[in-house]
Amino acid sequence: MTPLTTFITLAGLTGPALCFLALAMPRHNLAVFVTQSSPMRGQTLRLSGWFLLAASLLLAVTVSDGGVSLVSWFVLLAVQAFAITMILTYAPRLIPWWAGLTTVIALVAAAQTALV
């Protein structure tokens, strides 16, 4: 895996993970979906978010340039957290689109890597 595809894949995993963790909070869920969510939905979002974060950390640690990709992982966490904070502040209904966009980007990067 090249460093660029690793970076893009990490971005695609951390984006939805942080979106899920934000949507697991009742206040943010209410701002995005306008209806109160069930506790089961919040727990599912929380577990999904932590699973994706763990998967992205595992990917960052296991690639050949482990040190650089680990630093990239922390940078991506900060950038994604800032982006999600801004979206939640100014346009909360765009959070599902952000999660979907970053997921599609990750899938395209992973498919490109698989084809090469």
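Brief remarks follow.
- Candidate set: the range 1-37, residues that are without any contact (Cβ under 8 Å) to a residue 40 or more places away in the chain and among the β-branched types (Val, Ile, Thr); chosen: the one farthest from ARG93 (Cα to Cα): THR35
- ALA22 vs. criteria buried (at least 21 other Cβ atoms within 10 Å of the Cβ) and more than 17 Å from VAL104 (Cα to Cα): yes
- All of (1) of a type in the set (A, V, I, L, M, F, W, C); (2) modelled with pLDDT under 95; (3) in contact with a helix residue (DSSP H, G or I) (Cβ under 7 Å, 6 or more places away or on another chain) hold for VAL104 with one exception: (3).
- Matching residues, the range 84-116, being surrounded by 16 or more Cβ atoms within 10 Å (Cβ to Cβ) and either without any contact (Cβ under 8 Å) to a residue 24 or more places away in the chain or of a type outside the set (A, V, I, L, M, F, W, C) (or both): ILE87, PRO92, THR102, THR103
- Restricting attention to the range 43-73, the residues being surrounded by fewer than 18 Cβ atoms within 10 Å (Cβ to Cβ), farther than 15 Å from PRO16 by Cα and not polar (S, T, N, Q) number 9.
The values are calculated or read from the model by the stated rules, or taken from the named source; none is laboratory data. Treat the numbers as computed from the prediction; the structure is a model and nothing was measured. Using ideal geometry, Cβ is built from the backbone for each residue, glycine included, and neighbour counts are taken over all protein chains shown.
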